[in-house]
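What follows is a set of notes on a single structure, which appears directly below.
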Amino acid sequence: MRRGAWFALGLAPVLTLVTLGGFVGWKARSVARELIDPPFYRPQPLGRVEATYRELAEGRDGDPGGAWSTEEVGGLQLWRFTRRRTSPGVVLLLHGFGDDRWGTSPALKWFPDLDAAIFTYRRRDDALRRGGPVPAVTFGVEESRDVVRVVHRLEAEGTPRRRIVLLGRSLGASVGLLALADLEGEGKGPLAGIIWEGAPASSRSFAERLVRGPKDRWWHLLAPPIGALAASLAGRMGGYAPEDTDLLRRLGGLRLATPSLCFLATQDRLAPPEVQRAVEARFRSGRMIEVATWHLHCADVLGPGYTGAIRAAVDDWFQAPGGRPERAQTAP
């Protein structure tokens with residue numbers, strides 16, 4: 001064999017490694033950017049948001065409707081929805097990855113007897129509309145602190161935490177669980193309940209699963225190192241520690257007193273079912289409903305059973321010792 005052929009043969013592994021390294025670096029940077037700034041998220045025009053809010057206030061499809069008000073809470077814009085009759089409590093609606101308060105607002109129809117509150121984490125929707133600097137998504141680190149501030153505000157206005165329910169799906173579930181860990185750590189007692197579905201295990205886990213996609217691809221063996229590198233890059237770009245997004249780490253050793261309702265999509269590729277089960281085990285009381293579907297499709301599969309399970313849980317959480325639904329003395 002000629003010398004040139006031997007040289008080319010020896011160079012082939014080096015070129016392969018360089019190409020592979022380039023792919024890993026490119027993919028990690030791409031996923032990192034997606035973690036801190038979801039490319040598919042665009043805030044809706046305010047006219048459309050206002051129209052949706054008007055429809056929700058009117059009440060349709062058996063929902064009694066209510067009235068909207070807004071207030072500033074630590075730099076956040078908190079929207080309050082007050083029912084026409086006195087409510088036993090408030091549900092705080094937490095949006096998911098690449099969503100905002102508008103996209104989450106229709107979920108208040110699952111709670112026809114409760115007042116509601118919503119906001120966009122870090123006010124990213126307003127920042128995007130203004131065209132100015134947009135705060136990074138921190139995968140629950142700063143977002144969960146926003147939730148804690150809002151809960152404190154509701155308490156200060158006269159709504160005890162035992163009358164506050166959290167609802168979160170996808171990243172909203174992770175945000176709610178991280179916030180709940182901090183709130184119970186204050187030693188002031190549990191919330192009325194938390195309803196959650198499809199909580200990503202961590203930014204690293206989510207990044208790895210973004211690389212894998214809807215089905216394993218030829219590079220799936222590279223997903224773990226790419227996910228780890230992407231999470232590290234996203235943390236540096238977003239100014240947070242990726243380990244602080246890890247649900248099992250943050251909930252480790254806790255026995256949460258707040259009751260839980262968890263919808264588990266057993267075919268979920270973005271929120272590992274084994275992690276959902278491990279998180280649910282941290283609650284002293286709760287119910288897990290397993291559904292043979294994938295990320296955020298439990299409601300589609302269960303149909304009216306999804307809303308029915310939520311309403312049954314809320315009714316149970318707000319039952320007074322004497323068996324009658326407990327009512328607040330004044331609407332929040």
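Pick from 131, 172, 140: which is farther than 21 Å from residue 189 by Cα, small (Gly, Ala, Ser) and in contact with a strand residue (DSSP E or B) (Cβ under 7 Å, 6 or more places away or on another chain)?
Details: 131 fails: in contact with a strand residue (DSSP E or B) (Cβ under 7 Å, 6 or more places away or on another chain); 140 fails: in contact with a strand residue (DSSP E or B) (Cβ under 7 Å, 6 or more places away or on another chain).
Residue meeting the stated conditions: 172.
Considering each residue of segment 231-279, count those that are within 17 Å of residue 141 (Cα to Cα) and touching an Asp or Glu at 6+ places or on another chain (Cβ under 8 Å), and give that number. Write out each step before concluding.
Of segment 231-279, the ones within 17 Å of residue 141 (Cα to Cα) are 231-252.
Narrowing the set further to residues that are touching an Asp or Glu at 6+ places or on another chain (Cβ under 8 Å) leaves 240, 249-250.
Qualifying residue count for the region: 3.
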Which condition does residue 91 not pass, out of (1) buried (at least 18 other Cβ atoms within 10 Å of the Cβ); (2) farther than 26 Å from residue 304 by Cα; (3) in contact (Cβ under 8 Å) with a residue 60 or more places away in the chain; (4) under 19 Å from the mean Cα position of the chain (by Cα), if it passes all the others? (2)
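Within segment 33-42, does at least one residue satisfy the condition of being assigned to a helix (DSSP H, G or I), buried (at least 20 other Cβ atoms within 10 Å of the Cβ), at pLDDT 90 or above and among the acidic types (Asp, Glu)?
Restricting attention to segment 33-42, the residues satisfying the condition of being assigned to a helix (DSSP H, G or I) are 33-36.
When the remaining residues are screened for being buried (at least 20 other Cβ atoms within 10 Å of the Cβ), the result is 35-36.
In the following step, the residues that additionally are at pLDDT 90 or above were identified as 35-36.
Subset that is among the acidic types (Asp, Glu): none.
So far as segment 33-42 goes, no, none of its residues is assigned to a helix (DSSP H, G or I), buried (at least 20 other Cβ atoms within 10 Å of the Cβ), at pLDDT 90 or above and among the acidic types (Asp, Glu).
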Would a scan of segment 307-325 turn up a residue that is among the aromatic types (Phe, Trp, Tyr), modelled with pLDDT of 95 or more, on the phi < 0 side of the Ramachandran plot and within 20 Å of the chain's Cα centre (by Cα)? no
Tell me the residue from 184, 208, 197 that is closer than 19 Å to residue 278 by Cβ and surrounded by fewer than 21 Cβ atoms within 10 Å (Cβ to Cβ), please. 184
Against the condition of a type outside the set (S, T, N, Q), touching a residue at least 12 places away in the same chain (Cβ under 8 Å), part of a loop (DSSP other than H, G, I, E, B) and surrounded by fewer than 24 Cβ atoms within 10 Å (Cβ to Cβ), how does residue 136 come out, does it pass? yes
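Just to check your reading of the model, which residue among 107, 116 is in a helix (DSSP H, G or I) and small (Gly, Ala, Ser)? Before the answer, list the steps.
Values: 116 fails: in a helix (DSSP H, G or I).
Result of the check over 107, 116: 107.
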Based on this model, can you work out whether residue 284 counts as more than 19 Å from the chain's Cα centre (by Cα), modelled with pLDDT of 95 or more and not aliphatic (A, V, I, L, M)? yes
Would you mind finding the one in 229, 171 that is surrounded by 22 or more Cβ atoms within 10 Å (Cβ to Cβ), of a type in the set (A, V, I, L, M, F, W, C) and in contact (Cβ under 8 Å) with a residue 60 or more places away in the chain? 171
List the number of the failed condition for residue 69; all other conditions in (1) touching a Lys or Arg at 6+ places or on another chain (Cβ under 7 Å); (2) among the hydroxyl-bearing types (Ser, Thr, Tyr); (3) surrounded by 20 or more Cβ atoms within 10 Å (Cβ to Cβ) hold. (3)
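Residue-wise test of (1) under 24 Å from residue 245 (Cα atoms); (2) at pLDDT 95 or above; (3) crowded, with 19+ Cβ neighbours inside 10 Å.
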| site | (1), (2), (3) |
| --- | --- |
| 124 | yes, yes, yes |
| 130 | no, no, no |
| 144 | yes, yes, yes |
| 155 | no, yes, no |
Which numbered condition trips up residue 310, out of (1) without any contact (Cβ under 8 Å) to a residue 12 or more places away in the chain; (2) touching a helix residue (DSSP H, G or I) at 6+ places or on another chain (Cβ under 6 Å)? (1)
Close pairs (7 angstrom Cβ cut-off, 6 or more residues apart or separate chains): farther than 14 Å from residue 81 by Cβ in segment 41-68, of a type in the set (Gly, Ala, Ser) anywhere: 41/98
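Report whether or not residue 86 is part of a strand (DSSP E or B), more than 17 Å from residue 125 (Cβ to Cβ) and of a type in the set (S, T, N, Q).
Numbers: part of a strand (DSSP E or B): no; more than 17 Å from residue 125 (Cβ to Cβ): yes; of a type in the set (S, T, N, Q): yes.
Against the criterion (part of a strand (DSSP E or B), more than 17 Å from residue 125 (Cβ to Cβ) and of a type in the set (S, T, N, Q)), residue 86 does not qualify.
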Which residues, taken from segment 269-297, are among the aliphatic types (A, V, I, L, M), surrounded by fewer than 20 Cβ atoms within 10 Å (Cβ to Cβ) and touching a strand residue (DSSP E or B) at 6+ places or on another chain (Cβ under 9 Å)? 288, 289, 292, 296
If residue 246 meets every condition in (1) under 16 Å from residue 203 (Cα atoms); (2) at pLDDT below 95; (3) acidic (Asp, Glu) apart from one, which number is that one? (2)
If I filter segment 146-159 for residues that are under 15 Å from residue 199 (Cβ atoms), β-branched (Val, Ile, Thr) and without any contact (Cβ under 8 Å) to a residue 60 or more places away in the chain, do I get at least one hit? yes
Is one or more of the residues making up segment 256-268 part of a loop (DSSP other than H, G, I, E, B) and buried (at least 21 other Cβ atoms within 10 Å of the Cβ)? yes
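The values are calculated or read from the model by the stated rules, or taken from the named source; none is laboratory data. Every value quoted in this text rests on a predicted model; they were computed, and no experiment measured them. Please note: Cβ atoms are built from the backbone with ideal geometry, for glycine as well, and neighbour counts cover all protein chains shown.
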